[in-house]
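Asks: I have a structure here, written as structure tokens, and I will follow up with some questions on it.
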Amino acid sequence: MKQASLLPARDQVAEILRKAIFTGELQRGQELTQEKIAEELGTSRMPVREAFQILEREGILTIQKRRAIVKGLTIEDIVDHLEIRAMLEGEAAARANLRGNGFEDLKLALENSEKAALSMDMFSYVSANEAFHRAIWAASGSSRLENFLNYLWNGLPPHLPMLLPKQMKSSISEHQNIVTAICTGTPDEARAAMINHLKRSIDDLIKHHKDIDSKEKTT
């Protein structure tokens with residue numbers, strides 16, 4: 001795991017651990033100690049202990065005194081998570097359409113994600129993709145909805161471009177459809193465009209998971 005560049009808060013430590021679990025750097029059943037994680041991230045034990053508690057509530061870790069056991073994320077966990085995001089982000093897109101303003105940031109985020117995808121710069125694309133989605137949440141005008149979506153985003157790192165680089169092309173096309181629907185379509189069209197985008201991501205992830213299982217069974 002990479003070190004945090006600043007003294008991390010509990011949410012920052014939790015996010016680093018989530019990413020490591022999601023990518024498989026931390027394996028199911030692996031034991032984590034406050035001391036080791038704190039040393040690795042260059043911080044004190046307090047935010048690590050609090051991060052363990054956050055991840056235990058999310059069902060990712062099991063705490064046993066000053067250590068934690070990785071429970072991990074199943075494909076079913078990830079699909080359920082993304083389906084909930086699809087419902088809420090669909091609503092955010094519909095509300096953005098109804099408000100009819102704040103689209104400058106959204107269009108800029110789309111442009112940045114297009115540039116990253118064109119250069120196949122996955123790290124930049126992950127960042128640009130996040131900015132794109134956050135621009136829609138902000139355009140919805142609902143701070144409560146934005147807070148819920150922020151929790152979901154942090155709860156499961158959006159690393160699909162890292163796992164599935166080929167899906168960036170599909171993602172950009174869908175982003176363009178979402179922007180068109182929000183800016184010039186109806187609320188129902190904006191909602192449907194966002195839901196279709198996330199459901200396609202779910203389908204790609206399930207296929208990727210099945211391909212891995214198939215390869216493991218044949219080796």
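Rule-based calculations on the coordinates, nothing more; no lab input. Just so you know, these numbers come straight off a predicted model, no measurement behind them. Note: ideal-geometry Cβ built from the backbone for every residue, glycine included; neighbour counts use all protein chains shown.
Asks: Using the Karplus equation 6.51 cos²θ - 1.76 cosθ + 1.60 (θ = phi - 60°), what ³J(HN,Hα) coupling, rounded to whole Hz, does each residue of the range 173-184 give in order, writing x for Gly and Pro?
Replies: Once rounded to whole Hz, the list reads 4, 5, 4, 5, 5, 5, 4, 4, 5, 5, 7, 10.
Asks: Using θ = phi - 60° and the Karplus relation 6.51 cos²θ - 1.76 cosθ + 1.60, list the HN-Hα couplings for the range 113-128 in order, rounded to whole Hz, with x at every Gly or Pro.
Replies: 5, 5, 5, 5, 5, 4, 8, 6, 8, 5, 5, 5, 5, 4, 5, 5
Asks: How big is the charge dipole of the chain about its Cα centre, in debye rounded to the nearest 20, if each Lys and Arg gets +1 on its Cβ and each Asp and Glu gets -1 on its Cβ?
Replies: The calculation lands at about 440 debye.
Asks: Taking square-rooted eigenvalues a ≥ b ≥ c of the alpha carbon gyration tensor, is the range 10-70 rounded, prolate or oblate, where a/c under 1.5 means rounded and, failing that, a/b exceeding b/c means prolate? Don't skip to the end; give the middle numbers.
Replies: On the way: a/c = 1.32, a/b = 1.20, b/c = 1.10.
In terms of gyration-tensor shape, rounded.
Asks: For the chain, what is the mean residue ellipticity at 222 nm derived from helices alone (per DSSP H run of n ≥ 4: -39500 (n - 2.57); sum divided by total residues; nearest 500 deg cm²/dmol)?
Replies: After summing the helix terms and dividing by residue count, I get -24000 deg cm²/dmol.
Asks: Mind putting a number on the dipole of the range 10-70 about its Cα centre? Charges go on the C-beta only, +1 for Lys and Arg and -1 for Asp and Glu, and I need it in Debye to the nearest 20.
Replies: Here the size comes out at about 200 debye.
Asks: Of the labelled options (i) -0.24, -0.92; (ii) -0.20, -0.88; (iii) -0.24, -0.81, which one gives log10 I(q)/I(0) by the Debye sum over Cα atoms at q = 0.07, 0.14 Å⁻¹ as computed for this structure?
Replies: Identified label for the calculated read-out: (i).
Asks: Which ³J(HN,Hα) values, rounded to whole Hz and listed in residue order, are derived for the range 54-66 from phi using the Karplus coefficients 6.51, -1.76 and 1.60 in 6.51 cos²θ - 1.76 cosθ + 1.60 with θ = phi - 60°, glycine and proline given as x?
Replies: 4, 6, 5, 5, 7, x, 8, 10, 10, 8, 9, 6, 9
Asks: Once the dipole of the range 5-134 is set up with Lys and Arg at +1 and Asp and Glu at -1 on Cβ about the Cα centre, which of 119, 78, 53 lies farthest towards its positive end?
Replies: Selected residue: 53.
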